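See structure below.
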Amino acid sequence: MIDGLCDQVGGKDIAVVGLYCDFLAQQEQSTASMLGAILKQLVRGEGISEHIWEAFQKAKKGFGGRGLRLPDLVGLLGKTISELDLVFICIDALDESAPKHRRELLKSLREIVEMSPNTRIFLTGRPHINDEITKCFGEVVRIPVSPTQEDIKNYLEMRLDGDTDPSAMDDELRADIVRIIPAEISDM
């Protein structure tokens, strides 16, 4: 999806930025660190705007050289995005983020969209977070995506082919994995 957007907007004053939420990195992926990563992607290659430079210098002078606080990052993102024609913020696997950070992130994204209506948000996640997203943004467009049994089988085979200890599994076990798991998942 991100590659397709990037191919379509090449050379225009349009930015596409993205994040992947990782369940195993929930503590490191705070709202501030995720928004900081988005800001970093937006300024990469363009040179750092004076308002961003000044905000970071001011934060460095604070107690212990702290980083920017969440409201500062939201404001910087809003201002930076407003200088572009259109910005797509893509966040994959939002459901993998810690619930506390997810709520803060959604609220911050809503504030950014309010400041910069030229922002488009694309989120992916499992259905259990739909209510959180709707509560934060109101009306949203949903595109349900479900893997086919063939998709699941191909994924399993790819992962099994990359097994670092192939001697731990015989052909019969491999065949059972590739046969049973796709059938069980499609019944969910």
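The values are calculated or read from the model by the stated rules, or taken from the named source; none is laboratory data. Keep in mind it's a predicted model, so treat the numbers as computed, not measured. Positions of Cβ are backbone-derived with ideal geometry, glycine not excepted, and every protein chain shown enters the neighbour counts.
Assorted remarks:
- Picking from residues in the range 70-87 that are part of a helix (DSSP H, G or I) and within 17 Å of residue 16 (Cβ to Cβ), the one that is nearest to the chain's Cα centre (by Cα) is 77.
- For the range 81-99, the set of residues classified as among the polar types (S, T, N, Q) and surrounded by fewer than 17 Cβ atoms within 10 Å (Cβ to Cβ) consists of 82 only.
- For the range 22-38, a residue qualifies if it is buried (at least 21 other Cβ atoms within 10 Å of the Cβ) and either farther than 18 Å from residue 124 by Cα or among the hydroxyl-bearing types (Ser, Thr, Tyr) (or both), and exactly one does: 31.
- Per this entry, residue 102 is counted among residues that are surrounded by 12 or more Cβ atoms within 10 Å (Cβ to Cβ), touching a residue at least 24 places away in the same chain (Cβ under 8 Å), closer than 23 Å to residue 21 by Cβ and of a type outside the set (Val, Ile, Thr).
- Counting only helices (runs of 4 or more DSSP H) that sit wholly inside the range 127-188, those with at least 2 residues that are over 30 Å from residue 112 (Cβ atoms) are 149-161, 171-186.
- Every condition in (1) of a type in the set (Asp, Glu); (2) under 17 Å from residue 108 (Cα atoms); (3) at pLDDT 90 or above is met by residue 85 except one, and the failing one is (2).
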